[in-house]
Structure formats: structure tokens, C-alpha cells
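Peer 1: This is the structure I want to talk about, given as C-alpha cells.
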Amino acid sequence: MQKNIVYEKLGLFGLINLIILNKQAEYFNISRFAWLLLRLFRLQERINQKRWQSASITGDDGELLVPKIHEDITSICHDIGEESLNNSFFRHFDSNNCNKIRIFLAKKLKERIERRIFLINVLTAGDVFCVSDNLCLLGIMKYAQNNEIELERHKFALSGLINSIYLIIRFSLLFPLYQLFKTIINKRRFACSRLPVIASYYNLVDMHLDKDKRSALFLFLKSKLKLKDVLIYFDRADVPCTDEMVDEMDRSGIKYIAINKKAASSNRVPIWSVSRTFFKVLLRRNLSLIFNLFMASFKGDFLRPIDICGLFEFNCFYAYNFDFYKSLNIKIDNIVSWDSQIVPRAAALNDLGGVFVQYQLANSPKANITLGSVADVYFLFGPYYKDILLKSKSDINCFAYSGYITDYSFEAVRNKSALLRQKIMENGAKFIISFFDESFGDSENEVFPSTRAKSIYDFFAELVIDNPDIAVIHKPKKAGFSFESKLVNQALKTKRYILWTGGKYLTDSFPSEIAQASDLSVSLLFGGTVFLETILSNVPSVFLDLEKLYYYDEYKINEKQFVFDNLVDLKKHIFSLKGKVQKNEPSAELVEMLKQKDPFQDGRAIERIGDYLYLLFEGLKNGGEKDSVLAFASNEYAKKWGEQNIEC
């Protein structure tokens, strides 16, 4: 019996080989020249594309396997990283940042192999999977064997070698030349800062100091830090700094800068560009890298090509961020990002005596190397998440438990929620449901396909249409929601189905505002963050889990009316609650889980974070040494909020 051959990417030489041997095959991707040849010879019936979607990768019980696959990827990256632990190179090159470099390389490896691991899970046992580069590493080979997939590197693949050479040239030569060009043509020069600042990465929402809607400045709403000491930096073209943002920052005294021209639509925003420092640091590090690679090779300690490429990339972004932090005199950077680029950022800031801070924004139930952090201080909602971060390949100096980070909004939105509820009830509603959506789509990476989204939207629309006393507030995750459904359009006409949108990227309103206007909050288990916010807002809340994530901790809780894996049971639960005066009390197990996720539940999370950041900044501004300042701030945090709520 002929084995089924599937190509990760079918190239021209691979296709010619199949034609000569008269073989059948499938492919996930195809090169342009191979695609033209395939159609020229009309071979689509014999050699066709294999389509897939993350949502279709399920287990024996229909459970979505995506979170488990991310755990597998994390484990594979860790195992592959362990193979080089004894390599003499890592003992000599930048020994101060040895752990950070390892984590960076692991994150880069994840970016390279993630899709491959997903594709292995798409294949059927016995398939031959032809890959197009040299990433047939031992960990991936074992993973394929465990899934009964035969992994094979097809003979005519040169893309891996070519890509490695290109990446080295890109980060050692092309990127610096591009930065030099940008510096020469930059007409909106920035001024080097003499005064120390605390930097904050723009977090995609509006710039204001209101507590009742999402704010890019929320960390400073209850802090002793002066806004004149704050620098907001922008680097995304899809959500650039506008004139309105500049007006608000000017009124507040906040400093601002864009990393590139496309990140600022306002001509008043200065554009940062590199100085001589970037080129000096990059040259010094690359010479050291080449020397240490040579010395390690002399001892027989060879590095993988992917790691060598990663080291040149690390050097490039280390030098870039070193120049950025130094020229702007940044002492603390707090950033909402978890990609590989945070690692050289943290290393550069640390080597300048600064502190790298991160904070939790979302519920993270399973280990994922994407979450791996190298922060000096990481503010978590609660201790529940610590082990998850550690399993995600993190190297964090200090865990501080602060509570749910936007819990200040619960009280701030209460009056708005009451007005919203009153307005909806004037249209005849007596029972209001809030439904919180996640992103959906039909691309490969989506876990919520459009068909499933439509079934949920139609379910809530029918509830409204068939029951004049029921209303639904539907809040999408992102602004600019667009979806065609006849039932939803019909429900909207009743004025009891409210589609809650608005905002530039994320929606402006807090989930708590919508939840507090309702009698029941429904959110998806795959996300989990909204549920935490709504139940901490003291709103009866349940999970809808059509993804059937039976391996999540929530299924271990003895709570019958808590997670629903089908719409029929959810509907029964909704009708059982209608007319009830008394709310159902959560079980003791659920209460205990919530205490682990937020040990405070008092609405003061950003006050705790603000206090810590203030002590850090004051110490560093006055010339304090990083480690001693961190120790002092942590000690004060322990005194005020409890020793159990900070682990260093």
C-alpha cells in the first residue's frame, strides 16, 4: 500500500520529482513556480492542496487540542534547548545574559516550528510528512513518531540554508543600513532626555485618565508617579499616535515618541532613530559572537544554524534597544508584549541598570512558551498563574500578586451599568444576558470558525426573538465587528439585542460595565479572562465551551451550573434562572480557585502596582543600584500587602 505523502511546502524541484516518479501527493503550501507548473500540466487531481484549520484539530471526545499542542511545543523547545546546555559557547559569550539568550533562542525556535507541530497533528497516522529545511531536530522527530508520522526532509530543499544565510546578512548588515537611512532622512528629530523617565508601551486603547473605560494610562491612575516622568512610545502602524492622543498627553504633561514614522499619524510626534551607540554596540557584540563561535567550534561545540541566526538577531535588537533606552534615559520599561523581542529589550535595559516590568492582562490556563518572560518584576493577578509562567520557560526575578488588574473599573462603571440596564428594561426586558465574544474567522490559526460563531449568535438572537422578556447585550472582543446573520438583524430590530462595539482596536468599554447591567454573564472558556472580570464584579457568570476543553481546571470543580459544552443545556440554565430573586451562590471550590486567581478582590490592583513602580522609579532616579532598589521596593510591598503576595 502506497503511503500518503504530504509536503509542508512543495517547491519546483519537489514537484518535478513527483512528476518523474508519477506519484500522488498533497501539500500545505506551494511555491509560485511550482504552482504555475502544476496548473500548466493540469495535475491538480493527483497533487492537491491539503487545507486545515486549528479548530478542526480535536481529540477522541471532540475536545479542541490547540492548548495542549502549545504545551507540546513548549516542551519540545525546552528539550531541544537542553541539548546545548553543556556547550562551551554559552559560558563565554555574554555570560550575564546567558539565561535570557537561551529563552530568546527557545522563543525563536517556537516561531519556526509552531506551524510544523500543528501540521503534524493535522496528518493521519502513517502519512509521510516532507519538510523543506533542516529543522528535523530530534525533538520534532520524536514528536512525529509519537503521532505515527514519518518525517522526511525532501532531497531538493535548499530553502533552509538560503534562509539561514539571509537572516545573518539581514541582522548584521541590512537592518543596520536601513536604520542608518532612517536616521539620515528623519525630519522629526527627538531630543535626548537628561531627566530619567519610566517608559510604557502603547497598549492599543484611548489616551485619557477616565476610570470608567479602557485607558492607555491605567497603570498611573492611582499612582504617586508624576505624569511628567512618563514616556509613552508607539510602534504599530495599525494603531498610530493621533493628534487627539497628542492633545491629551500634552494636557497631562506626558512625554511621547514613535519608534517609526508609520506609528505616528500626527506630525507633532517625534520619531526616534538610532545613534552611533547602536552601531558601536552591534559591532562589538558581533565581533565577540564570531570569536566565541570560532572558539566553541575549535573545541567541537557546534551550534545549530537556527541558533547562530538567532544570536545575530539577538545582538541586533540588543544594540537597538540599548541605544533606545540610553538616549531617552529610560529607567523602567513596562510592556504588554510576549514575543521574542522582549528578551533583548530586557537584557539591554538591565545592562544599563534599568528595570524591566511586565504585568498580566489575561487569564492564561496552560503553559505556552509565548508567555515566557524575563522580567525583573512580573505583576500577576494571583499565585494560580505562577507555575504556568514558570512552565512557559520564564526567568523572572520577582513575582508580585496584585489582583485583577482593572478591578478599579468595577465601581467606576456601576452608574453607567445601571443606566444601561434601565434603558434596556424600558424595551420590555425582564431578564438580561450579556454575551462576550472572542475573535472568529476561517483562517488556519482560528479556533473559532465562522460557522460556530454563527450558531452562537443565532442562538442568542432566537432567545430575544422568541422571548419578549429577554434581552442580550453582545460584546465582541474587537472594535469594528462585522458579521452577517438574518436572525441577528431581526433581533436588533427588537431593541433588546444590543451589539456593543466602539473603539479603535479593542472595544472601549470594560466587560464589567456590560456584565453589571445583566442578570447573567456568558463568556467562552477558551478565553477565560472575561469570566474572571464578570464574576469578580459580583455578576452570576457561566462558561460556554463548545470547544470541549475537558482538560481545563474548570471541569475539575464540582459546580454543575458553571460550564456548558452545548447550547441546549445553556438554554435550560437560562430559563431556570428567569424569575429567580436569589442568586445562585458559587461553590466552595470555585471560591477557592478565585482566591488563587485574585487573593485580594478589593479593587486596588493598580494601587499596588503604582506603589511598587513609584518606589522603583524614585530609587533609580536618585542613583540607586538596580538590585538594592528592587529589594527595597519588594520589602515595602511585603510590609503593606503581605509577605505571601510577593516572591523574589
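Peer 1: Given the Cα-Cα distance of residue 268 and residue 224 and 0.36 nm per residue of separation, how much length would full extension add, in nm?
Peer 2: Here the segment from residue 268 to residue 224 would lengthen by 13.0 nm.
Peer 1: What does the charge count near residue 30 come to, summing +1 for each Lys or Arg and -1 for each Asp or Glu among other residues with Cβ under 13 Å from its Cβ?
Peer 2: With Lys, Arg at +1 and Asp, Glu at -1, the net is +3.
Peer 1: Continuing with this model, one more query. Given H placed on each backbone N at 1.01 Å, which residues far from residue 448 in sequence or on other chains put an amide H within less than 5 Å of it?
Peer 2: For residue 448, the qualifying residues are 441.
Peer 1: Positive end of the charge dipole of the stretch 567-607 (Lys, Arg +1 and Asp, Glu -1 on Cβ, about the Cα centre): tell me which of 588, 606, 575 has its Cα farthest that way.
Peer 2: Ranked along the dipole, the leading option is 575.
Peer 1: From the residues 300, 332, 317, which one has its Cα farthest along the dipole of the stretch 266-334 in the positive direction, the dipole being from +1 and -1 charges on Cβ of Lys/Arg and Asp/Glu about the Cα centre?
Peer 2: Going by the charge dipole, the pick is 332.
Peer 1: With charges set only on the Cβ (+1 for Lys and Arg, -1 for Asp and Glu), what does the dipole of the chain come to about its Cα centre, in debye to the nearest 20? Please list the in-between numbers first.
Peer 2: Numbers: 85 positive and 77 negative charges, 442 e Å.
The calculated dipole for the chain is roughly 2120 debye.
Peer 1: Suppose accessible area is computed on protein heavy atoms with a 1.4 Å probe; arrange 115, 194 from highest to lowest.
Peer 2: 194, 115
Peer 1: I'd like the distance between the alpha-carbon centres of the stretch 170-241 and the stretch 452-497, rounded to an integer number of Å.
Peer 2: After rounding, the separation between the Cα centres reads 38 Å.
Peer 1: Expressed as a whole number of Å, what is the distance separating the alpha-carbon centroids of the stretch 67-143 and the stretch 522-544?
Peer 2: 34
Peer 1: On to the next question. Each residue of the stretch 398-408 in turn: what ³J(HN,Hα) in whole Hz from Karplus with 6.51, -1.76, 1.60 and θ = phi - 60°, glycine and Pro shown as x?
Peer 2: Going residue by residue, I get 8, 9, 10, 8, 10, x, 4, 5, 10, 5, 4 Hz, with x marking Gly and Pro.
Peer 1: Once both labels are modelled 7 Å past Cα along the beta-carbon direction, what's the residue 4-residue 644 spacing in nm?
Peer 2: 5.3
Peer 1: Any idea of residue 273's accessible area? Nearest 10 Å², probe 1.4 Å.
Peer 2: Its heavy atoms expose roughly 10 Å² to the probe.
Peer 1: Label point 7 Å out from residue 588 along Cα-to-Cβ: which residues of the stretch 532-559 have amide N under 15 Å?
Peer 2: 557-559
Peer 1: Equivalent-ellipsoid semi-axes (√(5λ), Cα gyration tensor) for the stretch 391-484, whole Å, largest first? Walk me through the intermediate numbers first.
Peer 2: Details: eigenvalues 203, 119, 20 Å².
After diagonalising the Cα gyration tensor, the semi-axes are 32, 24, 10 Å.
Peer 1: Output the antiparallel fraction of DSSP beta bridges having both residues in the stretch 428-530, as a percent to the nearest 5.
Peer 2: On the way: 1 of 14 bridges.
Just about 5 percent of them are antiparallel.
Peer 1: Report Rg(Cα)/(2.2 N^0.38 Å) for the stretch 356-513, keeping two decimals.
Peer 2: Details: Rg = 19.2 Å, N = 158, 2.2 N^0.38 = 15.1 Å.
Compared with the compact-globule rule of thumb, the stretch 356-513 sits at 1.27.
Peer 1: Tally the DSSP beta bridges in the stretch 1-102 and give the antiparallel ones as a percent, rounded to 5.
Peer 2: 10
Peer 1: Taking H placed 1.01 Å from N in the peptide plane, check which residues at least 5 places from residue 29 or on another chain put their amide H under 5 Å from its amide H.
Peer 2: Amide H to amide H, under 5 Å and 5 or more residues apart or across chains, residue 29 pairs with 9, 10.
Peer 1: Here's a follow-up. What order do you get for 321-331, 9-19 when each peptide is scored by the mean count of other beta carbon atoms within 10 Å, highest first?
Peer 2: Details: 321-331: 21.7, 9-19: 19.5.
Result, highest mean first: 321-331, 9-19.
Peer 1: Over the stretch 17-88, what relative contact order in percent results from Cα pairs under 8 Å that are six or more residues apart?
Peer 2: RCO, the stretch 17-88: 22 percent.
Peer 1: Taking every pair of distinct Cα atoms and averaging 1/r, then inverting, what Kirkwood hydrodynamic radius in Å comes out for the stretch 173-327?
Peer 2: That comes to 17.7 Å for the stretch 173-327.
Peer 1: Describe numerically, in nm with one decimal, the distance between label points set 7 Å from Cα along Cα→Cβ at residue 161 and at residue 95.
Peer 2: Each label point is offset 7 Å from its Cα along the Cβ direction, giving 3.7 nm.
Peer 1: Something else now. Over the chain, what is the mean sequence separation of C-alpha contacts under 8 Å (at least six apart), divided by residue count, expressed as relative contact order in percent?
Peer 2: Reported as a whole number, the value is 14 percent.
Peer 1: Then there's this: Kirkwood hydrodynamic radius, computed over distinct alpha-carbon pairs, for the stretch 174-256: how many Å, to one decimal? Working shown, then result.
Peer 2: On the way: mean 1/r = 0.0693 Å⁻¹.
Kirkwood hydrodynamic radius for the stretch 174-256: 14.4 Å.
Peer 1: Counting just the Cα atoms, what span does the stretch 241-386 cover along each of its three principal axes? Round to the nearest Å and put the largest first.
Peer 2: 60, 45, 27
Peer 1: Using the beta-carbon distance between residue 22 and residue 492 and R0 = 45 Å, what value does 1/(1 + (r/R0)^6) give for FRET efficiency, to the nearest 0.05?
Peer 2: Between residue 22 and residue 492 the formula returns 0.20.
Peer 1: Which value in nm describes the separation of the simple spin-label points at residue 75 and residue 243, placed 7 Å from the Cα toward the beta carbon?
Peer 2: About 5.6 nm, to one decimal.
Peer 1: Given H placed 1.01 Å from N in the peptide plane, which residues other than close sequence neighbours of residue 395 have an amide H under 5 Å from its amide H?
Peer 2: Amide H to amide H, under 5 Å and 5 or more residues apart or across chains, residue 395 pairs with 373, 374, 375.
Peer 1: Among 152, 484, 607, what's the order by accessible area (1.4 angstrom probe), most exposed first? Can you show the working numbers first?
Peer 2: Values: 152 80, 484 145, 607 40 Å².
Result of the area sort, largest leading: 484, 152, 607.
Peer 1: What list of ³J(HN,Hα) values in whole Hz, one per residue of the stretch 530-547 in order, does the Karplus curve 6.51 cos²θ - 1.76 cosθ + 1.60 (θ = phi - 60°) give from phi, with Gly and Pro shown as x?
Peer 2: 4, 4, 4, 5, 6, 6, 6, 7, 6, 10, x, 9, 9, 9, 9, 10, 6, 7
Peer 1: Tell me, what HN-Hα J-couplings in whole Hz come from the Karplus equation 6.51 cos²θ - 1.76 cosθ + 1.60 at θ = phi - 60° for each residue of the stretch 266-278, using x for Gly and Pro?
Peer 2: 3J(HN,Hα) across the stretch 266-278, in whole Hz: 8, 6, 8, 8, x, 10, 6, 9, 6, 10, 4, 4, 4.
Peer 1: Measuring from a point 7 Å past the Cα of residue 42 along Cα-to-C-beta, which residues in the stretch 16-36 have an amide N at less than 17 Å?
Peer 2: Backbone N within reach: 36.
Peer 1: Next question, about the same structure. Compute the Kirkwood hydrodynamic radius of the stretch 518-575, taking the inverse of the mean of 1/r over all pairs of distinct Cα atoms, and give it in Å to one decimal.
Peer 2: 11.6
Peer 1: Hey, another quick one. For the stretch 1-122, what is the convex hull volume of its Cα atoms per residue in Å³?
Peer 2: Convex hull volume per residue, Cα atoms: 174 Å³.
Peer 1: Could I ask something else about it? Quick one: if you take sqrt(5λ) for each eigenvalue of the C-alpha gyration tensor of the chain, what semi-axes come out, biggest first, whole angstrom?
Peer 2: In descending order the semi-axes read 41, 37, 24 Å.
Peer 1: What FRET efficiency comes out for residue 467 versus residue 418 if R0 is 25 angstrom and r is the Cβ-Cβ distance? Round to the nearest 0.05. Before the final figure, lay out each step's value.
Peer 2: On the way: r = 23 Å, r/R0 = 0.92.
Computed FRET efficiency for residue 467 and residue 418 comes out at 0.60.
Peer 1: Right, something else. By DSSP, what percent of the beta bridges with both residues in the chain are antiparallel, rounded to the nearest 5?
Peer 2: Close to 5 percent.
Peer 1: What number, in percent, do you get for the relative contact order of the stretch 1-146 if the mean sequence gap of Cα pairs under 8 Å and at least 6 apart is divided by its residue count?
Peer 2: The normalised contact order for the stretch 1-146 reaches 30 percent.
The values are calculated or read from the model by the stated rules, or taken from the named source; none is laboratory data. Just so you know, these numbers come straight off a predicted model, no measurement behind them. Using ideal geometry, Cβ is built from the backbone for each residue, glycine included, and neighbour counts are taken over all protein chains shown. Keep in mind that these areas ignore ligands, DNA and RNA; they rest on the heavy atoms of the full protein, side chains included. Shrake-Rupley method; radii C 1.70, N 1.55, O 1.52, S 1.80 Å.
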